[in-house]
Amino acid sequence: MKKLVIFSFFFVFLLGSGFTSNEMIPTSLKINIRNDLGNIESDVVVTLYGSETDFQQEKNPVQSGKTNDKGMVTFKGLDAKIYYVSAVKGDKNNYGAGVQTGKLEAKRVNKVTIIIE
């Protein structure tokens, strides 16, 4: 009973303080990389750029990372805006396919799938 009272008090305190779970979630982007056959691609170097010019000139990257064995890479602490994505593994890349994200939603985990060929 004592645990229930403490939990109830804590829950009411959180509601009263205006705290929501969105306040703790940084704006992030989870990218899934697949090849042209739809198979998962691991060890793909993925780089985010904040503008089309930076993407084209391959300068001023916002963040960079490598996909895991599930073909995923996550970037956190981003601004809610459009990003340009470079995904490269050997001679495969996404340059003939989608390179631009939609505008990210603030305080959300945004998701996109990129195809490399």
Item to complete: Return the long-range amide H neighbours of Asn93 (sequence gap of 5 or more, or a different chain), with a cut-off of under 5 Å between placed amide H atoms.
Response: Glu117
Practice prompt. Once you have a ≥ b ≥ c as the square roots of the Cα gyration tensor eigenvalues for region 24-116, tell me rounded if a/c is under 1.5, and otherwise prolate or oblate according to whether a/b is larger than b/c.
Written response: oblate
Worksheet item: If you add up the charges near Glu41, with Lys and Arg at +1 and Asp and Glu at -1, over every other residue whose beta carbon is less than 11 angstrom from its beta carbon, what do you get?
Response: +1
Discussion item. Under 8 Å for C-alpha pairs, at least 6 residues apart: give me the relative contact order for region 24-116, rounded to a whole percent.
Written reply: 41
Worksheet, complete the sentence: Scalar couplings 3J(HN,Hα) for region 45-54 by Karplus 6.51 cos²θ - 1.76 cosθ + 1.60 (θ = phi - 60°), nearest whole Hz, x for Gly and Pro, are 7, 10, 10, 9, 10, x, 8, 5, 4, 4
Worksheet item: Any idea how far the Cα center of region 35-50 sits from the one of region 54-117, in Å?
Response: 8
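Each reported figure results from applying straightforward, stated rules to the coordinates on display, with no laboratory input. Treat the numbers as computed from the prediction; the structure is a model and nothing was measured. Positions of Cβ are generated from backbone atoms using ideal geometry, with glycine treated the same way; all protein chains shown enter the neighbour counts.
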